[in-house]
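Remarks on the structure that follows.
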Amino acid sequence: HIQTLSPIVEAAAFLAKKYGFWLRLPKETILFRKLASAKNLFFLTKKIIISKQCSALRQKLRRAGVRTPDKFLSPFGFIPRPVEFTKQHFLIMLEHTVHGMNEIMAHPGYIDADFGNFSSWKEQREQELLVYLDPQIKEIFATVRNGG
């Protein structure tokens with residue numbers, strides 16, 4: 001989420017306004033279940049700090065005419081983070097959408113030998129891909145795209 005740091009945010013805001021695109025703000029909706037470990041406490045604290053910073057930044061950007069989503073959701077908002085990403089996780093995220101622009105951060109994909117230790121979100125990428133290819137989820141996306 002480097003686009004939230006100065007001076008990058010200023011450049012990103014300039015380009016977003018100039019070209020009319022939306023600027024991502026990771027003011028993540030925290031889908032808290034339980035604190036099972038110190039690692040979960042660390043993730044929760046980090047999410048709270050980033051969300052507070054993004055709230056102030058959203059107000060500033062919107063006053064400057066930059067469009068930002070009204071809601072930001074991702075699998076990383078679950079505390080603890082899911083070991084396996086399922087259709088149920090996605091449906092829980094959908095329950096937290098609002099009227100307006102909702103951004104759902106996704107990292108679907110296939111893992112190959114070159115992926116290595118690049119990310120802690122490895123096997124979950126393939127799980128996410130299966131979720132987004134599920135016929136029920138594809139129907140939900142089609143409904144939203146068609147204004148439903």
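The values are calculated or read from the model by the stated rules, or taken from the named source; none is laboratory data. Computed from a predicted structure; not experimentally measured. Glycine gets a Cβ as well: all are built from the backbone with ideal geometry, and neighbour counts include every protein chain shown. SASA here: full protein model, heavy atoms, side chains in, ligands and nucleic acids out. Shrake-Rupley method; radii C 1.70, N 1.55, O 1.52, S 1.80 Å.
Extending 7 Å from Cα along the Cβ direction at Tyr19 and again at Met101 yields two label points whose distance is 1.4 nm. Counting only the Cα atoms, region 43-100 fills a convex hull of 83 Å³ per residue. Using Cβ point charges alone (K and R +1, D and E -1), the dipole size of the chain about the Cα centre works out to roughly 860 debye.
Against the empirical curve 2.2 N^0.38 Å, the C-alpha radius of gyration of the chain lands at a ratio of 1.12.
Once the gyration tensor of the Cα atoms in region 1-73 is diagonalised, the equivalent ellipsoid follows with semi-axes of 27, 12, 9 Å, ordered largest first. For the chain, the solvent-accessible area of protein heavy atoms averages 63 Å² per residue (probe radius 1.4 Å; ligands and nucleic acids excluded). With a 1.4 Å probe rolled over the protein heavy atoms of all chains, the accessible area of Trp121, Trp22 falls in the order Trp22, Trp121, largest first.
Computed over region 62-148, the Cα gyration tensor eigenvalues convert (square root of 5λ each) into semi-axes of 25, 18, 13 Å, ordered from largest to smallest. Accessible surface of region 54-148, 1.4 Å probe: 55 percent of it comes from carbon and sulfur atoms.
Taking a threshold of 26 Å on the Cα-Cα distance, which of the pairs Lys47/Lys87; Lys17/Lys87; Lys52/Lys138; Lys27/Lys122 fall above it? With Cα atoms farther than 26 Å apart: Lys17/Lys87; Lys52/Lys138.
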